[in-house]
Ligand code: PGA
């Protein structure tokens with residue numbers, strides 16, 4: 001982690017947890033966060049949870065009932081969002097629909113959306129534009145497949161995903177951007193990318209932003225790692241200078257493991273934010 005960027009620990013619940021289950025989890029997490037004293041709360045990472053869309057309104061209400069210590073931030077986020085404002089798009093959820101229930105963040109282009117629902121770098125770009133136009137914080141997911149890694153194409157794939165995904169967006173617009181580097185071969189497989197290699201690729205992403213967007217954007221943008229992150233490896237991942245946070249699938253489903261990982265996202269007391 002870097003002292004100039006607030007770390008982010010995000011849980012992607014995928015298609016897990018019914019509304020009652022989600023409420024039990026969130027209540028427990030809010031109670032834990034609530035019990036943190038003001039002094040301890042300094043340096044806490046921003047916490048994000050991406051549950052299924054059906055649960056978002058009720059979870060947003062539940063969250064409002066718990067005032068958290070001032071320096072603790074918990075964001076509820078969608079796992080996906082349509083780029084159009086409204087229209088005949090059966091089954092889709094618009095940016096305005098999310099905002100109307102108090103949701104102001106979303107994942108974009110998760111590899112499972114790309115793999116099973118034909119999302120591409122072009123649709124990522126459309127969704128990213130829509131999110132930024134509506135003031136929704138985007139977490140854009142990119143990463144190479146095993147085949148691409150074995151063919152030595154990792155850095156080129158990342159560059160291509162960024163080039164198309166971020167097309168036509170200015171440095172000013174991209175200010176709030178969060179990127180999640182999630183090597184597809186590490187997602188849900190138990191095969192974590194070694195921390196130094198994850199750090200290297202996150203650095204490649206930042207170097208691309210510096211060259212193609214702006215040095216200020218590269219400095220401000222948070223780059224998360226995701227793919228079989230768990231309490232056993234999260235401390236080491238979070239100690240890497242280019243890794244600003246984690247996007248966690250399986251290990252975010254239990255409050256205990258997620259809480260440990262939140263702890264690993266805390267900045268040392270000497271950090272400025
Ligand atoms: P995993 O999933 O932690 O279960 O590998 C990560 C993700 O899909 O975001």
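Just a few scattered comments:
- Within segment 185-199, the residues that satisfy the criterion of being in contact with a helix residue (DSSP H, G or I) (Cβ under 7 Å, 6 or more places away or on another chain) and in a loop (DSSP other than H, G, I, E, B) are 187, 188, 191, 192, 193.
- Criterion violated by residue 202 - all others in (1) within 25 Å of residue 33 (Cβ to Cβ); (2) within 16 Å of the ligand (Cβ to nearest atom); (3) not in a loop (DSSP other than H, G, I, E, B) satisfied: (1)
- Considering residues of segment 1-18 that are more than 11 Å from the chain's Cα centre (by Cα), away from the ligand (no atom under 13 Å from the Cβ) and within 18 Å of residue 139 (Cα to Cα) only, the residue surrounded by the fewest Cβ atoms within 10 Å (Cβ to Cβ): 5
- Residue 263 being outside any strand (DSSP E or B) and more than 24 Å from residue 14 (Cα to Cα): no
- The single condition among (1) within 25 Å of residue 221 (Cα to Cα); (2) assigned to a loop (DSSP other than H, G, I, E, B) that residue 11 does not meet is (2).
- Residues located in segment 183-199, provided they are surrounded by fewer than 22 Cβ atoms within 10 Å (Cβ to Cβ), within 17 Å of the chain's Cα centre (by Cα) and more than 10 Å from the ligand (Cβ to nearest atom): 199
- Near pairs, Cβ below 6 angstrom, 6+ apart or cross-chain, from segment 116-128 (assigned to a loop (DSSP other than H, G, I, E, B)) to any residue that is at pLDDT 95 or above: 119/109; 119/113
- Looking only at residues in segment 237-250 that are touching a strand residue (DSSP E or B) at 6+ places or on another chain (Cβ under 8 Å) and either closer than 23 Å to residue 112 by Cβ or assigned to a strand (DSSP E or B) (or both), the one that is nearest to the ligand (Cβ to nearest atom) is 249.
- The residue of segment 168-182 that is farthest from residue 222 (Cα to Cα), among those that are within 16 Å of the ligand (Cβ to nearest atom) and either at pLDDT below 95 or outside any loop (DSSP other than H, G, I, E, B) (or both), is 181.
- For segment 94-115, the set of residues classified as in contact with a helix residue (DSSP H, G or I) (Cβ under 6 Å, 6 or more places away or on another chain), surrounded by 19 or more Cβ atoms within 10 Å (Cβ to Cβ) and part of a loop (DSSP other than H, G, I, E, B) consists of 103, 109, listed by residue number.
- All positions within segment 222-236 that are more than 11 Å from the ligand (Cβ to nearest atom) and under 15 Å from the mean Cα position of the chain (by Cα): 222, 223
- Pairing each residue of segment 58-71 that is over 17 Å from residue 23 (Cβ atoms) with any residue that is part of a loop (DSSP other than H, G, I, E, B), provided the two are 6+ apart or on different chains, yields C-beta distances under 8 Å for 69/36; 69/37; 71/42; 71/44.
- Segment 253-273: number of residues that are closer than 22 Å to residue 40 by Cα and within 12 Å of the ligand (Cβ to nearest atom): 3
- Residue 158 being away from the ligand (no atom under 16 Å from the Cβ), modelled with pLDDT of 95 or more and buried (at least 20 other Cβ atoms within 10 Å of the Cβ): yes
The values are calculated or read from the model by the stated rules, or taken from the named source; none is laboratory data. Not measured: the values here are computed from a predicted model. Note: ideal-geometry Cβ built from the backbone for every residue, glycine included; neighbour counts use all protein chains shown.
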